[in-house]
1. If you go through segment 115-142 one residue at a time, how many are loosely packed, with under 15 Cβ neighbours inside 10 Å, over 30 Å from residue 261 (Cβ atoms) and either near the ligand (Cβ under 8 Å from one of its atoms) or touching a residue at least 24 places away in the same chain (Cβ under 8 Å) (or both)?
2. Please pick out the residue among 145, 56 that is more than 11 Å from the ligand (Cβ to nearest atom), in a helix (DSSP H, G or I), surrounded by 16 or more Cβ atoms within 10 Å (Cβ to Cβ) and touching a residue at least 24 places away in the same chain (Cβ under 8 Å).
3. So is residue 197 away from the ligand (no atom under 16 Å from the Cβ), at pLDDT below 80 and exposed (fewer than 13 other Cβ atoms within 10 Å of the Cβ) or not?
4. Only one of these is within 9 Å of the ligand (Cβ to nearest atom) and either over 17 Å from the mean Cα position of the chain (by Cα) or not in a loop (DSSP other than H, G, I, E, B) (or both): 159, 102. Name it.
5. Restricting the first residue to segment 84-104 and requiring it to be closer than 16 Å to residue 373 by Cβ, which pairs with a second residue that is surrounded by fewer than 13 Cβ atoms within 10 Å (Cβ to Cβ) and at pLDDT 90 or above meet a Cβ separation below 9 Å and a spacing of at least six or different chains?
6. Can you tell me which of 112, 153, 76 is more than 9 Å from the ligand (Cβ to nearest atom) and more than 20 Å from residue 30 (Cα to Cα)?
7. Does residue 167 count as surrounded by fewer than 19 Cβ atoms within 10 Å (Cβ to Cβ) and either over 28 Å from the mean Cα position of the chain (by Cα) or away from the ligand (no atom under 15 Å from the Cβ) (or both)?
8. Restricting to segment 255-284, give me the number of residues that are more than 28 Å from the chain's Cα centre (by Cα), under 24 Å from residue 351 (Cα atoms) and modelled with pLDDT under 90.
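The values are calculated or read from the model by the stated rules, or taken from the named source; none is laboratory data. Every value quoted in this text rests on a predicted model; they were computed, and no experiment measured them. Using ideal geometry, Cβ is built from the backbone for each residue, glycine included, and neighbour counts are taken over all protein chains shown.
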Ligand code: HEM
């Protein structure tokens with residue numbers, strides 16, 4: 001993670017966040033399944049108890065380790081305002097507070113699970129069991145977090161991951177309830193109905209929420225493309241390919257700024273020209289390739305400072321997607337070394353957050369990367 005952070009081209013951390021989140025969710029799903037299997041006759045009929053139990057415990061620890069990577073990369077990635085407090089205290093972050101908060105809640109539940117398991121002898125079986133049952137809640141909460149926060153909620157592979165995980169867990173819980181001979185039939189029936197009800201509610205929510213245009217975390221996948229990506233190939237590389245394909249297709253079709261999050265590599269020129277009153281204008285004109293294809297224009301006006309650069313008085317930032325008739329423009333809202341942050345308005349008036357990490361080569365060439373997120 002440190003090596004990746006040091007390379008600092010602004011996107012690796014984001015890929016790592018998404019990849020590690022997906023793997024953590026998969027591991028958690030497998031762990032829940034084995035946890036359920038552990039309470040049934042299945043384990044004694046097939047595998048010895050200690051195998052199922054050991055696998056369940058190790059998968060949970062591995063899920064926690066991947067969640068650790070997920071959390072560290074989230075914080076190290078300066079794109080969204082998410083701090084160390086947001087890792088343990090839910091619902092405080094200014095960044096999608098509720099949906100991010102659900103991830104924090106799931107993480108807290110996992111931590112409580114590990115701590116109480118380590119202290120099991122001291123705290124007694126009853127308390128340990130209670131926390132353990134509560135920790136199963138980490139799974140649906142993490143699933144809601146994934147769909148509510150993730151950039152890939154509309155991508156085929158993420159949908160496949162979410163839906164298939166949901167189906168197997170609901171199936172396993174129902175199987176467990178139906179096999180619970182000791183429970184009253186009415187309790188078992190209520191449990192089965194509850195599991196089905198939760199599954200239906202999840203599908204209804206996903207369809208009217210993360211899968212709809214207008215959802216803050218939408219990935220911008222047109223319906224026609226949703227089914228195409230390699231379903232089930234979870235992980236960073238597949239995620240990158242999928243998102244790229246999906247977004248560039250949308251982009252090419254509409255000529256508008258991509259929806260949700262997008263990124264690009266910049267290649268262009270930087271010039272500095274004096275204006276009246278001793279002011280200078282530093283202008284950057286670049287082309288972007290990647291999930292945002294088009295032109296970028298940044299102009300900073302102000303007093304020249306020793307060693308190059310400008311103390312900014314005013315600014316203009318514009319982006320023009322390939323094929324689009326009009327620029328989306330705004331001003332610089334943050335300037336820190338070679339990092340420029342801006343909010344521009346697209347032609348329909350929607351704000352789009354942009355961050356440019358520029359690489360100045362000494363001459364007039366300029367490179368670097370950009371990231372954006374359209375706010376709805
Ligand atoms: C058990 C705990 C957690 C699990 C299983 C989990 C899993 C996931 C998954 C599967 C995604 C979707 C990735 C994608 O769309 O490609 C995601 C997104 C995200 N998670 Fe978590 N997460 C957990 C906890 C947390 C915590 C504690 C934080 C930070 C405080 C966090 C921050 C984020 C962020 C910022 C995103 C959006 C990344 C993007 O731009 O796509 N997560 N998470």
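1. Residues meeting the conditions: 1.
2. Testing whether each residue is more than 11 Å from the ligand (Cβ to nearest atom), in a helix (DSSP H, G or I), surrounded by 16 or more Cβ atoms within 10 Å (Cβ to Cβ) and touching a residue at least 24 places away in the same chain (Cβ under 8 Å) leaves just 56.
3. Taking the combined requirement at face value, the residue does not satisfy it.
4. 102
5. Filtered contacts from segment 84-104: 93/85.
6. 76
7. Judged against the criteria, residue 167 is a match.
8. Going through segment 255-284 one residue at a time, the tally reaches 1.
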